[in-house]
Amino acid sequence: MARADAERLLGPDELSAALDDGEWVQPWHGVVVPAARAHDPMTRAAAALLRAGPHSVLSGLTAVAMHGCGPADEVVDVTIPYDREVRSQPDLTVHQAWVRECDVVELDGLRTQALDFAITELLCTGDQRQALDCLEQALGQLGEHAEHFRELVAERVARRRDRRGTRRASALLGLAWPKPNSALSAGIGGAR
């Protein structure tokens, strides 16, 4: 929760004592979580959105993991609109971009980039091997809908305003083979 809310709920002295005792931790400025949940990926994702503020959205590898198509990472990626000013902090990477509500879905109560949007961004700007692996996991989960998903991503690549990385993304799309689901690819929210 927001530190200010925790102070109202617990009292400033009690919260300070709980932080000093290690019962609560502050992963990022202005946000506190119970220490027992500090390494839980869902808790970290919720805390990152709270820190990033209104209209923020889980993005990058975090979004892909929320969809169950990539590994949960200690670093949480969020995207904020251009009119917000939030800086990255250790284990919290903040990106600025236009956030269109049609590219946002709610997963487990958390605003998350739609899978086709997140995969497109990874293919264009992320680590090639990791992006290809996430795409193949997504294709494997989608079964008979995999080729339709590939077409959606190809369309997003073709329409992408920022043309950097689009050739590479198209090449990776052509290389991808569906990977069967496994317990290792469960991500943050598990397979959807």
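The values are calculated or read from the model by the stated rules, or taken from the named source; none is laboratory data. None of the values given here were measured: they were computed from a predicted structure. Heads up, the Cβs are rebuilt from the backbone with ideal geometry, glycines too, and the neighbour counts pull from every protein chain shown. The protein model used for the area step is the full one, side chains on, heavy atoms only, and it has no ligands, DNA or RNA in it. Shrake-Rupley method; radii C 1.70, N 1.55, O 1.52, S 1.80 Å.
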Next item on the list: Report relative contact order for region 1-115 in percent, whole number only (criteria: Cα-Cα under 8 Å, sequence separation at least 6).
Entry: 20 percent
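When you count, for each residue, the other Cβ atoms within 10 Å and take the mean per peptide, how do 71-84, 128-141, 27-40, 154-167 rank with the highest first?
Values: 71-84: 18.0, 128-141: 21.1, 27-40: 16.4, 154-167: 13.5.
Highest mean packing first, the order is 128-141, 71-84, 27-40, 154-167.
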Check: Hey, if you drop one equal point scatterer on each alpha-carbon of region 1-62 and run the Debye formula without solvent, what base-10 log of I(q)/I(0) do you get at q = 0.20, 0.24 Å⁻¹?
Finding: -0.74, -0.98
Check: So, with +1 on the Cβ of K and R and -1 on the Cβ of D and E, and no other charges, what is the size of the charge dipole of region 1-132 about its Cα centre, to the nearest 20 debye?
Finding: 280 debye
Note to self: Once you keep just the Cα pairs under 8 angstrom separated by 6 or more residues, what percentage relative contact order results for region 86-160?
What the structure shows: 21 percent
Item checked: Heavy-atom surface of region 52-192, accessible at 1.4 Å and reported per residue (Å²) -> 53 Å²
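For the chain, what does the relative contact order come out to in percent, with C-alpha contacts under 8 Å and a separation of six or more? All intermediate terms of the calculation are to be shown ahead of the outcome.
Details: 327 pairs, mean separation 40.1, N = 192.
In percent, rounded to a whole number, it is 21.
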Check: Once the dipole of the chain is set up with Lys and Arg at +1 and Asp and Glu at -1 on Cβ about the Cα centre, which of H29, G68, A154 lies farthest towards its positive end?
Finding: A154
Notebook entry, point to check: Does anyone have the angle between helix 41-52 and the longest principal axis of the chain? Alpha-carbon axes, 0 to 90°, nearest 10?
Noted result: 80 degrees
Notebook entry, point to check: If you rank M1, M66, M42 by how much accessible surface each has, with a 1.4 Å probe, what is the order from largest down?
Noted result: M1, M42, M66
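Go ahead and estimate [θ] at 222 nm for the chain from helices alone: -39,500 (n - 2.57) per DSSP H run with n ≥ 4, summed, over the residue count, rounded to 500. List each step's numbers first, then the result.
Values: 8 runs with 87 residues, N = 192.
Computed mean residue ellipticity for the chain: -13500 deg cm²/dmol.
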Margin query: Leaving ligands and nucleic acids out of the surface, order D103, D20 by accessible area at 1.4 Å, largest first.
Written below: D20, D103
Item checked: Debye intensity ratio I(q)/I(0), log10, the chain, q values 0.12, 0.15, 0.16, 0.19 Å⁻¹ (C-alpha model) -> -0.60, -0.87, -0.96, -1.25
Item checked: In degrees, nearest ten, helix 115-125 long axis to first principal axis of the chain (Cα) -> 80 degrees
Next item on the list: Report, to the nearest whole %, how much of the accessible area of the chain belongs to carbon and sulfur atoms, 1.4 Å probe, protein only.
Entry: 53 percent
Next item on the list: Take region 81-138, compute every pairwise Cα distance, and split them into 10 Å bins from 0; I just need the percent in each bin.
Entry: 20, 43, 35, 2
